[in-house]
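Remarks on the structure that follows.
No value in this document is a laboratory result; all are computed from the given coordinates. All of these numbers come straight from a predicted model, not from anything done at the bench. Counting neighbours? That spans all protein chains shown, and the Cβs are built from the backbone with ideal geometry, glycine included.
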Amino acid sequence: MAERIVGEKLAACVQILPQMTSVYSWKGTIQKEGEYLLLIKTLGGKFEALQTFILSNHSYEVPEIVAIGAERVSENYLAWMKEYLEA
């Protein structure tokens, strides 16, 4: 999924964190699953398309999709993201 997200220019970078264990409630029962966290670096204007892609391609019925705005971003990094995502 990460390669497709970058390849389709929905994000400039996706980091895949090591597998972790998630414990959560789903349909009345407590679940325990191994999961990977993806940190997806993109621009705000790409959020809707990225969300649509994740919802269409993720195995979960309700995947976790959370956007956290960057308070500050280095000029060079932001320029690199814009150059890739807006080309």
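Here are some notes:
- Neighbours of V23, meaning other residues whose beta-carbon lies under 11 angstrom from its beta-carbon, give a summed charge of -1 when Lys and Arg score +1 and Asp and Glu score -1.
- Radius 12 Å from Cβ of L55, net charge of other residues (Lys, Arg +1; Asp, Glu -1): -3
- Highest GNM mean-square fluctuation among T29, T21, T52, for the chain modelled with Cα contacts below 10 Å: T29.
- GNM top mover of Y24, Y60, Y36 - the chain, alpha-carbon springs below 10 Å: Y24
- Percentage relative contact order, the chain, counting C-alpha pairs under 8 Å, at least six apart: 29 percent
- Kirkwood analysis of the Cα pair distances in the chain returns a hydrodynamic radius of 14.5 Å.
- Residue among G28, G69, G45 with the largest mean-square fluctuation in a Gaussian network model of the chain, springs linking Cα atoms under 10 Å: G28
- Here the simple spin-label model places points 7 Å from the Cα toward Cβ, and for S56 and E33 these points are separated by 2.1 nm.
- Using just its DSSP H runs of length 4 or more, each adding -39500 (n - 2.57), the chain gives a mean residue ellipticity at 222 nm of -9000 deg cm²/dmol after division by all residues.
- For region 2-85, the number of Lys pairs separated by eight or more positions or lying on different chains, with C-alpha atoms closer than 30 Å, is 6.
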